[in-house]
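Before any comments, here is the structure.
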Amino acid sequence: MDIKDYMNTLGRQARAASRVVSQASTAAKNDALLRIAALLRERAPQLLEANAADVAAALENGLDAAMIDRLTLSAKGVEAMATGLEQVAALPDPVGEMTDFKRRPSGITVGKMRVPLGVIGIIYEARPNVTADAAALCLKSGNAAILRGGSEAARCNQAVAACVRDGLVAAGLPETAVQVVDTTDRAAVGELITMPQFVDVIVPRGGKGLIERISRDAKVPVIKHLDGNCHVYIDEQADDDKAVRIADNAKTHRYGTCNTMETLLVHVAAAPRVLGRLADIYLGKGVELRGCERARALVPAMMAATDEDWATEYLAPILAVRIVDSLDEAIDHINRWGSQHTDAIVTENHTRAMRFIREVDSASVMINASTRFADGFEYGLGAEIGISTDKIHARGPVGLDGLTSQKWVVLGDGQVRS
């Protein structure tokens, strides 16, 4: 296969399909989504069989535990994919929404209309659920999509893609509205990110190396986040039980996700109350602790932390711990070492909570909740295309609105400019 010719073909087909999908009715798009959801449930045994083959190959090839975790699909995971499609179908259609109309002194009325971006290229590693999530969000927002999943999930991605194609056709929409690249050749990625004539935006989902490469080489705008170095700060005026519950969940619910806490910050006055309890939980679950000097004095089992630990997204059962003297110090630490992804404060002090969410420069900031909630599904978006730490266009979990833009609409009645 000539990769350049193949990707150009996908691009031409996607561009043509995008014109159809952008004009499709909400009913037609929802019909396709519901049909795809039904096919996912119907074909769950085939999806799980394909995924099992992917996981077996990944284990044989020595992929790390975090990658295996992201790759593995369960029956519950298939149901979650189907439910996500149904939730997207139930969401309001953003396409065509007109807002912000204001009458000007000239007599014209000026406002905005929400419109699709066009063709979205999505590059992702491991997670087979991204194929369904991306198809759902791109379709509902009136976009066509070219999806390039990682080679480690190739079998399952193609099985999901077959459900998507069949659902689109059954609903009377072009099957090329969502295309999954059918080659594991890495040259396909290089072509996809350098086709501005066919692709309007690229969304990379994967490790820092992948996203850095895409950001460096792309000739198409990129919606991205490089890593998820997330924090929980336990304030002096925290409820101890809430603090322990949140800090436990934020780290140990899942280790391989971008919204998992990687550094725990504890006010010096709260540390004697909560750090011992948390250390018992973490060590009991096999989490390696790396702490500052004061944290190690309270929990001798901790290893010594370095500056590299404050900057690291582990995606593993490793946690950095630092005791701080004030809210100011906690905010300064997060803004210096964090990745502007998701950070949380645990406190009963309203003033401190408000300062935290104003001054921490992250895409999601939380009060008395686990960082694991930073997710499109949990935010009511139905699903997400990714989590953006960019500050232009889309920030945080990218759902339907993030996959659209706005154009200006001017309403007149014969006015001319004098």
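The values are calculated or read from the model by the stated rules, or taken from the named source; none is laboratory data. Please read all numbers here as calculations on a predicted model, not as lab measurements. With ideal geometry, Cβ positions are generated from the backbone for all residues, glycine too; neighbour counts draw on all protein chains shown. Side chains are part of the model used for accessible areas, which takes the heavy atoms of the whole protein and leaves out ligands, DNA and RNA. Shrake-Rupley method; radii C 1.70, N 1.55, O 1.52, S 1.80 Å.
Summing +1 for each Lys or Arg and -1 for each Asp or Glu among the other residues whose beta-carbon sits under 12 angstrom from that of Asn61 gives -4. Which pairs, out of Lys76/Lys285; Lys4/Lys29; Lys219/Lys391, put more than 21 Å between their alpha-carbon atoms? Listed pairs above 21 Å: Lys76/Lys285; Lys4/Lys29. Suppose we keep just the DSSP beta bridges with both residues in the chain; what percent of those would be antiparallel, to 5? Roughly 25 percent of the DSSP beta bridges within the chain come out antiparallel.
One equal scatterer on each Cα of segment 1-154, no solvent, Debye formula: the resulting log10 I(q)/I(0) at q = 0.20 Å⁻¹ is -1.25. Recomputing mean projected area of the Cα convex hull in nm² from the coordinates shown identifies the correct label among [x] 35.8; [y] 23.6; [z] 18.3 as [y].
Note that segment 145-186 presents 35 Å² accessible area per residue, ligands and nucleic acids not counted, probe 1.4 Å. Each of Asn51, Leu33, Met1 was scored by the projection of its Cα onto the charge dipole of segment 1-55, and the greatest displacement toward the positive side belongs to Leu33; charges sit on the C-beta of Lys, Arg, Asp and Glu. Charging the Cβ of each Asp and Glu at -1 and of each Lys and Arg at +1, and nothing else, the dipole of segment 118-254 about its Cα centre rounds to 380 debye.
The trypsin sites (Lys or Arg not before Pro) of segment 242-275 meeting both criteria, a DSSP state outside H, G, I, E and B (loop) and at most 14 other C-beta atoms within 10 angstrom of the site's C-beta, are Arg254. Hydrodynamic analysis of segment 328-418 uses the Kirkwood radius over alpha carbon pairs. Inserted into Stokes-Einstein at 25 °C and 0.890 mPa s, it gives a translational diffusion coefficient of 159 µm²/s. In the context of the full set of protein chains, segment 283-349 has a per residue accessible area of 44 Å² (1.4 Å probe).
Considering only protein heavy atoms and a 1.4 Å probe, what is the carbon-and-sulfur percentage of the accessible area of segment 221-357? The C+S portion of the solvent-accessible surface of segment 221-357 is 50 percent. With K and R counted +1 and D and E -1, the other residues having a Cβ less than 13 Å from that of His253 yield a net charge of +1. Between Arg103 and Thr83, what's the calculated FRET efficiency when r is the beta-carbon distance and R0 is 35 Å? Round to 0.05. Plugging the Cβ-Cβ distance into 1/(1 + (r/R0)^6) gives 0.20. Note: relative contact order over segment 137-222, using C-alpha pairs below 8 Å and six or more positions apart, is 25 percent. The fraction of accessible area contributed by carbon and sulfur in segment 1-149 is 54 percent, rounded to a whole number (1.4 Å probe; ligands and nucleic acids excluded).
Dividing the radius of gyration of the alpha carbons in segment 1-63 by their Kirkwood radius gives 1.16 for Rg/Rh.
Think of a 1.4 Å ball rolled over the protein heavy atoms: segment 14-128 then has 48 Å² of accessible area per residue. Could you size up the charge dipole of segment 37-132 around its Cα centre, putting +1 on the beta carbon of Lys and Arg and -1 on that of Asp and Glu, and report it in debye to the nearest 20? It works out to roughly 800 debye.
Both the radius of gyration and Dmax for segment 368-415 are 16.1, 56 Å, in that order, over alpha-carbon atoms. Estimated translational diffusion coefficient (Stokes-Einstein, Kirkwood radius over Cα pairs, 37 °C, 0.692 mPa s) of segment 284-347: 258 µm² per second.
With the highest mean first, a sort of the peptides 12-21, 221-230 on other beta-carbon atoms found within 10 angstrom per residue produces 221-230, 12-21. Rounded to a whole number, what % of the accessible area of segment 152-201 do carbon and sulfur atoms account for, probe 1.4 Å? Here carbon and sulfur together make up 44 percent of the probe-accessible area. The mean sequence distance of close C-alpha pairs (under 8 Å, at least 6 residues apart), as a share of the length of the chain, puts its relative contact order at 19 percent.
For the chain, with only Lys/Arg (+1) and Asp/Glu (-1) charged at the beta-carbon, what is the dipole magnitude about the Cα centre, in debye rounded to 20?
For the chain, the charge dipole is close to 1300 debye.
Pairs of alpha carbons in segment 122-233 separated by more than 16 Å make up 59% of all such pairs.
Normalising the average separation of contacting C-alpha pairs (under 8 angstrom, six or more residues apart) by the number of residues puts the relative contact order of segment 48-198 at 23 percent. Convex hull volume of the C-alpha atoms in segment 267-418, normalised per residue: 180 Å³. On alpha-carbon atoms, Rg over Rh for segment 100-144 using Kirkwood Rh? Across segment 100-144, the Cα-based Rg/Rh ratio is 1.32.
For segment 222-240 versus segment 103-122, the inter-centroid distance based on Cα atoms is 35 Å.
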